[in-house]
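What follows is a short report on a single structure.
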Amino acid sequence: MMKLVEFFVENHRITNMIVALVFMAGVFSMLTLTREEMPHMSMYMMRVTTVYPGASPGDVEVNVTGRIEDELRGVRNVRALTSVSMEGMSVIAVRIDEEAKNPEAVKADVREAVARVTGLPEQVSARPRIEEVTNEYPIFELAVQGDASELELRAHARALEAKLREVPGVGTIEKIGYRKREVKVDVRPADLKRDRIAVADVVNAIRARNVRESGGSLDSYTDDRTVVTLAEYERPSQVGEVIVSANFEGYRVRLSDIAVIRDGFEEPAVLYRGNGKPAIALMVTRQEGADILTLSENIREAVDASRKTLPSNVRIEEMYDFSVLTRSMLDSMAANALIGFALVYLVMFFMLDRVSGFWAAFGIPFSIFGTMGLMALFGMTMNMVSLASMIIVLGLLVDDAVVISEKIYLYKQRGMPPVRATIEAVRRMALPVAAAGLTIIVSFLPILFIPGIMGRFMHQIPVVIAMMFVTSLIEGFFFLPAHVCRAQARLVEPRRLRWLDDLKKAYARRLEWAIRNRKKFIGASLAFLAAAFAAAALFLDFKLDEDQDPDIIAIVAETPGGTSLAATSDLMAHVEGAVLAAVPKECLKNMVTQAGHHTMSADYLAVGGMRQNYAITIVYLLPSADRAVRSEKMMDALRPLLADIKKQRGFPRLDIEQYGFAVGRAVELTFITDDDAARAKLEADTLAFLRGTDGVYGIETDSAPGKPEMRVGLDHDAMARSGLTAADVARTLRAAFDGIVATSIRLQGEEIDFRVRVRDGRQDAGRILALPVSNAEGRLVPLSLVARLEEHEGAPVRYHLAGRRAVTIRASVDETKNTPSAVNALLKDHVAASAAGVPGLTVKFGGQEEEAALSMRGFFLAMGVALAAMYVLLVILFRSYLQPVLTMTVIPFALAAVFLTLLIHGMPLLFVSLVAMIGLLGVVLNDAIVMIDQLNQECASREPAAIAAAATDRVRPILLISLTSFVGLVPTSYGIGGDLPLMRPLVLCMGWGVLFCTAVTLFFIPVLYSFVKERGPGEPEISAPENAAAVAVASRVTRVKKMRAGRKS
């Protein structure tokens, strides 16, 4: 290594060229790196969705969900298997064990298991859809609206969709409020009875008429032609010409004779409004690896081009551009980084000479550009986490440069030749500097071991920090010496640095006093430590995450059971009015309402599926940097208005919820048992308990009553005499209520279904019994002879966990009145008492409680690994088992610093704050290593004066390390260059923790050292001529000082 140092010192032109190449590579990488808000990460979950049209939740559970679960139970390394069977749909979530050695193999096994499923009902026309769940989210929400017909709006929405699909990087496009075109064939029961035609005959006739089939090829010597049987419908109206019944005498019954045919749309599942007006929304996602900012610009250009083709009564509204969050975050990161760099250099200017200060600070851009190049090399992206990682260590990057520069400067003042002084300084400081850098890297690396969503979210932090420090150490060992070597060392410190002499003298006096009264000092320090921990235990609340001043507000609503979709949508107009009253116009960007569900993602498992009495209003605010009012204030103004609407309009639920990236609800409890009565009793008891618990709101349960259900009782003896089967009856009833899709055509790129229904079947169930059913011999039998109809309450949505029936209860907690941990503790005690004695019952706490337990286990593992690794490094450095323990005594103070920082700033203990603790360990040990290494080298005895004198020589580098670290984090901590709420707790704790532990390093470590001092290896010997030169330089410095003093007098 020293040979390389000597080579770069003696060949500074080569050094400059290499540095220039690193900068060029960094700039190029910075311009080409993919930008995104969050790092792409797998949620270790796969979702299997199967559509079973018209089926009740009970039918879906038995005929679809159960069959797929049976196959999936044989897949290994599956952590949890959860399913929901809702009306017309089955959704199964397969959660993969994060500790699986080969997750991709598990995903392949899941796909193979689903492919093996057989025996699905014939109405399940498509195979189950399998998709991997990630943290991807839409980047654009567009709305097509105006004073036009639905058919016209659909046409423009489809044209816009086609235009957007041409944009490189666009992934999926989901249309909301868009109804599929459908030809409804409503047969009249009286006409069916008159002409003795069964519903099945109508379906078969429509299906048989729509044919396009190849008959092979017709070859001849001169020609080759394909034979095609073509009888498909060219336009929807042709279905009326279908002959349903005929005989040889010329009697014919056409479909138009017995049915009303309408070209319309399918029944709506979701109604969408943008700013109070009906619309069709397009939710655009990006392909993995696409740059979100570039893609956003390209989408906006495509939208502008589409607007030019629109008539005056139709418009395309940009409801929200989610890349605004990314752009705002990146701008804030860049601004905070630049301000931090300026503050770091300002600190160094007042504590080092100009040349050393400049070249030490030069290590910051070198490390940033070097890391950018490595990120591009390893396929990483530029996102909030990677940029925050750079800011975390912004001020720490100069630590090695400061220590080496100061040592070179000191050796030059002692009279060494520049090259010799440079090489000896690097040799002398190589081990402690490398150990300090490795200690910081090692302190962050265990974050890789933290499981769960929060752990995966932060996985890039240790990787980026390791890259930053590796490039910083390379610059500090090889390139910095070549630049500092040629700087002239002043015999007398510049006037602007003389305040350091006064500071050192004051420090030496106070440290000597502390050493002489070391027992009192140690006792006071420990008492302070105990008080800090006690205050944290009493007043500091733990939360997994917290969304501060969010730019999006979500209002989740449930209208009374049985409310129609249209009525639910109309009731939400009152909620929209409350939003307009509570949110200042200058802060509001747009507002959308969706009736039919209240999920903020596609995860129907968490919300009970799609129900007509569910709705959600999403309020899009301007970015926090562009508005003067915090969203918390707007939500406080909105809550009483919503409470009034909830009371007046009879909403069972109307709550403000966190939108976007979250780890679950504050309370989430699941009862798993196939005993329906026991499960229902526990559910009712738990709901009553939560409703009576202070601060709990937004209570919901999976087992909401289903829609009213007409049950068919069959007379099996009569069916046997009539030659009918249960399948014949079921087919007729399906046509009566939901309808049967007989066939479909593709017209102008759009698939159009032909749905056969019994006219007024849904409104008059009694008339259904008069319908004729065709038996195996073609004879018609009235349905009333073999069946009877009874009205019951429909089956609720069916939930399974590990193949057994389950019910999940979820709730939120108002943290001004209570805490999630306290509510969950009370709930656990209550459930333990109420669930005692229920055989085969499993109780599972999930949501934030489960994720917190998982993350905390990972945190303590990471903390243990970090401490063990740092101890090993310190043993190697100090060649002692005791001194590493002495060095690590700063760690409790670092934890206390985090607690005090959060208490002073009125913030809860978030998981990112715990991550700050792990990283802070290495940072504060950096200062301690510098101090103890200095004491080992320079302290000749245990006398207080000797220890104080040796420690005083390290005041400047320790202050530099701490102050540069602190000021580099200040802009992000307080949002000077732009607020970053998600990362603020981490950098805030890091910054103040470093600053607080500086005092610990400067006083507590030397005081402890006075108890356990050991001799270490000395500095390199300086030859006699150099000693003589050093004495001459010292005497000359003394004369200069006396002359200046005489002039002043």
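Things worth noting here:
- Note on the stretch 346-452: along the principal axes its Cα atoms extend 57, 26, 25 Å, ordered by decreasing extent.
- Ellipticity at 222 nm from helices only: DSSP H runs of n ≥ 4 in the chain, each -39500 (n - 2.57), divided by the residue count, give -16000 deg cm²/dmol.
- FRET efficiency estimate (nearest 0.05) - Cβ-Cβ, LEU687 to LEU861, R0 51 angstrom: 0.90
- Note: relative contact order over the stretch 42-134, using C-alpha pairs below 8 Å and six or more positions apart, is 47 percent.
- Based on the reciprocal of the average 1/r between different C-alpha atoms, the Kirkwood radius for the stretch 92-218 equals 21.0 Å.
- Charge dipole (the stretch 549-658, unit charges on Cβ, about Cα centre) - positive-most of ALA625, PRO652, MET610: PRO652
- Packing-based exposure ordering (other Cβ within 10 Å, fewest first) of CYS587, CYS989: CYS587, CYS989
- For the stretch 117-193 versus the stretch 241-315, the gap between their alpha-carbon centres in whole angstrom: 7 Å
- For the stretch 61-110 and the stretch 403-474, distance of Cα centres in Å: 47 Å
- For the stretch 549-658, relative contact order (Cα pairs under 8 Å, six or more residues apart, normalised by length) works out to 45 percent.
- Toward the positive end of the charge dipole of the stretch 42-134, with +1 on the Cβ of Lys and Arg and -1 on the Cβ of Asp and Glu, the farthest Cα among SER42, VAL117, GLY66 is that of SER42.
- Charge dipole of the chain (Cα centre as origin; +1 on each Lys and Arg Cβ, -1 on each Asp and Glu Cβ, all else neutral): 4360 debye, rounded to the nearest 20.
- Computed from Cα atoms, the angle from the helix 911-938 axis to the main principal axis of the chain rounds to 20 degrees.
- Mean projected area in nm² (Cα convex hull; one quarter of hull surface) for the stretch 283-373: 9.0 nm²
- Taking Lys and Arg as +1 and Asp and Glu as -1, the other residues whose beta-carbon sits under 10 Å from that of GLY363 total -3.
- The percentage of C-alpha pairs in the chain whose separation is greater than 46 Å is 45%.
- Ordering ASN383, VAL244, SER90 by Cα displacement along the dipole of the chain toward the positive end leaves ASN383 in first place; charges were set at the Cβ atoms of Lys, Arg (+1) and Asp, Glu (-1).
- The overall shape of the stretch 795-841 is oblate: from the C-alpha gyration tensor, with semi-axes ordered a ≥ b ≥ c, the ratio a/c is 1.5 or greater and a/b is no larger than b/c.
- Which listed pairs, of LYS543/LYS817; LYS180/LYS277; LYS175/LYS646; LYS101/LYS543; LYS681/LYS844; LYS543/LYS681, have C-alpha distances above 22 Å, in listed order: LYS175/LYS646; LYS101/LYS543; LYS543/LYS681
- Restricting attention to the chain, close to 95% of DSSP beta bridges with both partner residues there are antiparallel.
- The residues neighbouring GLY723, those whose beta-carbon lies less than 13 Å from its own, together hold a net charge of -1 under the Lys/Arg +1, Asp/Glu -1 convention.
- Debye equation applied to the C-alpha atoms of the stretch 613-752, log10 I(q)/I(0) at 0.15 Å⁻¹: -1.02
- The stretch 549-658: translational diffusion in µm²/s, Stokes-Einstein, Kirkwood Rh over Cα pairs, 4 °C, 1.567 mPa s: 92 µm²/s
- Summed side-chain charge close to LYS647 - residues other than LYS647 whose Cβ falls under 14 Å, Lys, Arg +1, Asp, Glu -1: +2
- Two-decimal ratio, the stretch 42-134, of alpha-carbon radius of gyration to 2.2 N^0.38 Å: 1.04
Every number in this text was worked out from the coordinates using simple rules, so none of it is lab data. On a predicted model such as this, the values are computed, not experimentally measured, just so you know. Note that we place each Cβ from the backbone using ideal geometry, even for glycine, and neighbour counts take in every protein chain shown.
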